[in-house]
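Participant: Quick one: the structure is below, and I'll ask about it shortly.
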Amino acid sequence: MTNLEGAPAEASDVRGRVAELHAIREQARRGPSERATEAQKAKGKLTARERIDLLLDEGSFNEMEPLRRHRATGFGLEAKRPYTDGVVTGWGTVHGRTVFVYAHDFRIFGGALGEAHATKIHKIMDMAISAGAPLVSLNDGAGARIQEGVSALAGYGGIFQRNTKASGVIPQISVMLGPCAGGAAYSPALTDFVFMVRETSQMFITGPDVVQAVTGEKVTQNGLGGADVHAETSGVCHFAYDDEETCLEEVRYLLSLLPQNNRENPPAVEADDPVSRRGDSLLDLVPADGNRPYDMRKVIEEIVDDGEYLEVHERWATNIICALTRLDGQVVGIIANQPQSLAGVLDIEASEKSARFIQMCDAFNIPLVTFLDVPGFLPGVDQEHGGIIRHGAKMLYAYCNATVPRISVILRKAYGGAYIVMDSQSIGADLTYAWPTNEIAVMGAEGAANVIFRRQIADADDPEAMRARMVKEYKSELMHPYYAAERGLVDDVIDPADTREVLIRSLAMLRDKHADLPSRKHGNPPQ
């Protein structure tokens, strides 16, 4: 005889009770039905438990509340009370370190959030904060469970509050593996990193039907909120991949570069790459002519351990590079202008991208290395009306507020306010180095000459010849490679081939740096 859930009924001894337990647990593990599992697979998606198995070290998962069921009534809910209530929660390890996780099970109520479902998530979030370990959410849900009304909405409020409480305390990673619509999308937006899978994951506040009804615009789910849209256009997504397996493997890699919490340093590893390895190829990678582009990624590859790094927001705001990597086995964050995209200028999106990355690195004790080759801020009506002053100030605020070790290397151009904003010595960089190709100035020589010598050029018999002579004079007087070093604005001018060794030895000296900020509740950063 069995009960309504398919488990043995009224077991009379301990062995019978244990058998009953195993039957119930097996049912919870299998999920609602084979049909529901087949439907999930037909969409090209893994089940919640398969995803957890890929994320965590083999055999390390400890599930919390697998037997939880909702208590809601009405609309037929009382007759449908599956175990887990549509979310699998627990903890395990990634590379041997504790990680907390929750995964929506789309096979149960479409992964929709109800009161019991939310309570499970709240509990695992509280445990992650208390234990001081990263939290990974595997998102595949249809939003709030409409049948439970406002109780479901209140569950989201509890998640948002905990996301904010955990911000800067433990790493929070959101992995989008299915739909995430409406208010549910704000939880990933509050976390440190968002991963998405192409074709199967979407994020939007209002769906395509509502958009069409209100604005008349026709758009698909992927066209509105797919992985590529958020990776390239909105900047909501930090990483986008073609399949779940690759996505979850990259989540594991990211976790290997992050500390457990804000009281620890990132994990160091033994480095096989010699500290003193010279980067002679750098002498050919970066042209002396400031108008010629090059790929800053190749510069980074030449300097960091084994040429390996993880680029954040690779396809959004491509005029600046933000990456996590290692130097002599120690994790560092890199911010670098990319001359191949918009000549490496700073604009609204580049400022926002780098500001958030700087804040993340500072929160989790990751030293910052900045490579400068910046001609200035992007001019234009759209940029000014879009608030480049306000957005550019975000980057400036983030640097000025950061207390981790900060080192800047000026490769070529460093002009105007953009030079100051990008962690110059005057805003608190601990050390500033420059290559002999550096040009540090208020503006480019051509523009400066046109301003300073405007009258002489206009009155000359040959204005173009006079302009060329004045440009040359300005460069020789105020833009030669040692001008800033002579005034103490640069700590040293170094051989580009020695950059790796100089950075490693400088970071080693700064490893125990301690800096106190003024006592305050919190700052009021520009928005």
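The values are calculated or read from the model by the stated rules, or taken from the named source; none is laboratory data. A quick note: this is a predicted structure, and the numbers were derived from the prediction, not measured. We place every Cβ from the backbone using ideal geometry, glycine too, and count neighbours over all the protein chains shown. Heads up: the accessible areas ignore ligands, DNA and RNA and are worked out on the full protein's heavy atoms, side chains in. Shrake-Rupley method; radii C 1.70, N 1.55, O 1.52, S 1.80 Å.
Participant: Can you pull out every residue in the stretch 48-69 that is of a type in the set (D, E, K, R), in a helix (DSSP H, G or I) and more than 21 Å from residue 256 (Cβ to Cβ)?
Facilitator: Of everything in the stretch 48-69, those that are of a type in the set (D, E, K, R), in a helix (DSSP H, G or I) and more than 21 Å from residue 256 (Cβ to Cβ) turn out to be 49, 50.
Participant: Condition test on residue 479, is it under 23 Å from the mean Cα position of the chain (by Cα), in contact (Cβ under 8 Å) with a residue 24 or more places away in the chain and either closer than 25 Å to residue 350 by Cα or open to solvent by less than 70 Å² (accessible area, probe 1.4 Å) (or both)?
Facilitator: no
Participant: Now a separate question. State which residue is nearest to residue 508 (Cα to Cα) when the search covers only the stretch 418-430 and only residues that are surrounded by 20 or more Cβ atoms within 10 Å (Cβ to Cβ) and in contact with a helix residue (DSSP H, G or I) (Cβ under 6 Å, 6 or more places away or on another chain).
Facilitator: So the residue we want is 430.
Participant: For the stretch 414-440, give me the residue count where each residue is out of contact with any Lys or Arg (no Cβ under 9 Å at 6 or more places or on another chain), part of a strand (DSSP E or B), closer than 16 Å to residue 486 by Cα and not small (Gly, Ala, Ser).
Facilitator: Residues meeting the conditions: 2.
Participant: Ok, one more. Since residue 414 meets every condition but one in (1) under 19 Å from residue 321 (Cβ atoms); (2) in contact with a helix residue (DSSP H, G or I) (Cβ under 9 Å, 6 or more places away or on another chain); (3) open to solvent by less than 60 Å² (accessible area, probe 1.4 Å); (4) at pLDDT 95 or above, which condition does it not meet?
Facilitator: Residue 414 satisfies all of (1) under 19 Å from residue 321 (Cβ atoms); (2) in contact with a helix residue (DSSP H, G or I) (Cβ under 9 Å, 6 or more places away or on another chain); (3) open to solvent by less than 60 Å² (accessible area, probe 1.4 Å); (4) at pLDDT 95 or above except (4).
Participant: Then there is this: Scan 401, 337 and give me the residue that is within 30 Å of residue 269 (Cβ to Cβ), surrounded by fewer than 20 Cβ atoms within 10 Å (Cβ to Cβ) and in contact (Cβ under 8 Å) with a residue 40 or more places away in the chain.
Facilitator: Among 401, 337, only 401 is within 30 Å of residue 269 (Cβ to Cβ), surrounded by fewer than 20 Cβ atoms within 10 Å (Cβ to Cβ) and in contact (Cβ under 8 Å) with a residue 40 or more places away in the chain.
Participant: Moving on to the next point. So which residues in the stretch 158-210 are open to solvent by 10 Å² or more (accessible area, probe 1.4 Å), aromatic (Phe, Trp, Tyr) and not in a helix (DSSP H, G or I)?
Facilitator: If the condition is that a residue be open to solvent by 10 Å² or more (accessible area, probe 1.4 Å), aromatic (Phe, Trp, Tyr) and not in a helix (DSSP H, G or I), then 204 is the only one that fits.
Participant: Limited to the stretch 347-393, what total is found for residues that are of a type outside the set (S, T, N, Q), open to solvent by less than 40 Å² (accessible area, probe 1.4 Å), under 21 Å from residue 234 (Cβ atoms) and within 16 Å of the chain's Cα centre (by Cα)?
Facilitator: Looking only at that region, the number is 6.
Participant: How many residues are closer than 21 Å to residue 352 by Cα, modelled with pLDDT under 95 and exposed (fewer than 15 other Cβ atoms within 10 Å of the Cβ) if we restrict to the stretch 219-258?
Facilitator: Result for the stretch 219-258: 0.
Participant: Checking residue 291 against (1) open to solvent by 10 Å² or more (accessible area, probe 1.4 Å); (2) modelled with pLDDT of 95 or more; (3) more than 21 Å from residue 250 (Cα to Cα), which test does it fail?
Facilitator: (2)
Participant: If a residue must be surrounded by fewer than 20 Cβ atoms within 10 Å (Cβ to Cβ), small (Gly, Ala, Ser) and either on the phi < 0 side of the Ramachandran plot or part of a helix (DSSP H, G or I) (or both), how many such residues does the stretch 148-157 contain?
Facilitator: 3
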